[in-house]
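The values are calculated or read from the model by the stated rules, or taken from the named source; none is laboratory data. Owing to the predicted nature of the structure, the values given are computational and were not obtained by experimental measurement. Note that we place each Cβ from the backbone using ideal geometry, even for glycine, and neighbour counts take in every protein chain shown. When the accessible area is computed, the model is the full protein with side chains, heavy atoms only, and any ligands, DNA or RNA have been set aside. Shrake-Rupley method; radii C 1.70, N 1.55, O 1.52, S 1.80 Å.
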Amino acid sequence: QQQVKQSPQSLIVQKGGISIINCAYENTAFDYFPWYQQFPGKGPALLIAIRPDVSEKKEGRFTISFNKSAKQFSLHIMDSQPGDSATYFCAASMEASGSRLTFGEGTQLTVNP
Amino acid sequence: ETGVTQSPTHLIKTRGQQVTLRCSSQSGHNTVSWYQQALGQGPQFIFQYYREEENGRGNFPPRFSGLQFPNYSSELNVNALELDDSALYLCASSLVHGNYGYTFGSGTRLTVV
């Protein structure tokens, strides 16, 4: 059962450009929406997260935009760098389920120099 | 402060065999979750352990079982291995049950032949 849908599957951006990855969720009980970054051979690492009581959160070059009514959220990477090349996963969780994470399918980002 | 450590890093097993994967949680973390990540997919929640008891389970058959020890380390056991069990198995620990601050290990790559 796919509860979090992520797009695009892959993304190629030029250095300095903006990378945008989108996610949509179904379960309105979700109350925590993190983004994870995963490099080959490594486990996912938390990048940035948002709760549904705010519409935007920014940390450095990374911004989450959240639209509660549309049940969508997105990750924006400003001034994308080759070192940002990785797989990005959106996820959703709710405290009632013990904080288990439901992940999207992932987006493979390539930033060309 | 050490992170989450998983062993072994790679493993090859034959269909029908049994396997045990191990996880040492981050210092002070008392909650451990296990995820299965098939190639090109997002991680899927298997189960979570808190205070040595299973506390939440995903859509996995009973041949997937686990343990958490008094020092909060954990094991994932899979019996009667199937080819589809080939995946990266990730362990994640957190400081407080219900807290969203998960730290993932680098995973164990299991190949079933």
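In the set (1) touching a Lys or Arg at 6+ places or on another chain (Cβ under 6 Å); (2) open to solvent by 50 Å² or more (accessible area, probe 1.4 Å), A:TYR25 fails one condition alone, (2). A:SER97 meets each of the listed conditions (1) surrounded by 16 or more Cβ atoms within 10 Å (Cβ to Cβ); (2) more than 14 Å from chain B (Cβ to nearest Cβ) apart from (2). Residues that are at pLDDT 95 or above and more than 8 Å from chain A (Cβ to nearest Cβ) within the range B:92-113 comprise B:THR108, B:ARG109, B:LEU110, B:THR111, B:VAL112, B:VAL113, listed in sequence order. The residue that is nearest to the other protein chains (Cβ to nearest Cβ), counting only those in the range A:100-113 that are crowded, with 18+ Cβ neighbours inside 10 Å and touching a helix residue (DSSP H, G or I) at 6+ places or on another chain (Cβ under 8 Å), is A:LEU109. Could you look through the range B:43-58, keep only residues that are within 8 Å of another protein chain (Cβ to nearest Cβ) and not in a strand (DSSP E or B), and pick out the one that is surrounded by the most Cβ atoms within 10 Å (Cβ to Cβ)? If we take residues in the range B:43-58 being within 8 Å of another protein chain (Cβ to nearest Cβ) and not in a strand (DSSP E or B), then B:PRO43 is surrounded by the most Cβ atoms within 10 Å (Cβ to Cβ). Taking the range B:59-113 and the strands (runs of 3 or more DSSP E) fully enclosed by it, the elements with 1 or more residues that are under 30 Å from A:ALA49 (Cα atoms) and open to solvent by 40 Å² or more (accessible area, probe 1.4 Å) are at B:64-68, B:108-112.
Determine whether A:GLY41 is modelled with pLDDT under 95 and open to solvent by 40 Å² or more (accessible area, probe 1.4 Å). Here the answer is yes, as A:GLY41 does meet what is asked. When residues in the range B:66-78 are screened for being out of contact with any Cys (no Cβ under 7 Å at 6 or more places or on another chain) and within 16 Å of B:THR31 (Cα to Cα), 9 of them pass. From the list A:TYR36, A:TYR32, the lone residue that is open to solvent by less than 40 Å² (accessible area, probe 1.4 Å), under 27 Å from B:VAL4 (Cα atoms) and touching a Lys or Arg at 6+ places or on another chain (Cβ under 9 Å) is A:TYR32.
Counting just the residues of the range A:1-16 that are in a loop (DSSP other than H, G, I, E, B) and not small (Gly, Ala, Ser), which one comes out surrounded by the fewest Cβ atoms within 10 Å (Cβ to Cβ)? That would be A:GLN1.
Listed here are the strands (runs of 3 or more DSSP E) enclosed by the range A:17-57 that have at least 3 residues being within 12 Å of chain B (Cβ to nearest Cβ): A:33-38, A:45-50.
Output the residues belonging to the range A:81-91 that are surrounded by fewer than 23 Cβ atoms within 10 Å (Cβ to Cβ) and either outside any loop (DSSP other than H, G, I, E, B) or small (Gly, Ala, Ser) (or both). Of everything in the range A:81-91, those that are surrounded by fewer than 23 Cβ atoms within 10 Å (Cβ to Cβ) and either outside any loop (DSSP other than H, G, I, E, B) or small (Gly, Ala, Ser) (or both) turn out to be A:PRO82, A:GLY83, A:ASP84, A:SER85, A:ALA86, A:THR87.
What residue, of B:GLY28, B:GLY40, B:GLY3, is open to solvent by 40 Å² or more (accessible area, probe 1.4 Å) and more than 18 Å from A:LEU101 (Cα to Cα)? Just a single option satisfies the conditions, and that option is B:GLY28. The single residue among A:PHE62, A:PHE66 that is at pLDDT 95 or above, touching a Ser or Thr at 6+ places or on another chain (Cβ under 6 Å) and away from chain B (no Cβ under 13 Å) turns out to be A:PHE66. Can you report the number of residues in the range A:64-80 which are open to solvent by less than 50 Å² (accessible area, probe 1.4 Å) and either in contact with a helix residue (DSSP H, G or I) (Cβ under 6 Å, 6 or more places away or on another chain) or of a type outside the set (S, T, N, Q) (or both)? Looking only at that region, the number is 7.
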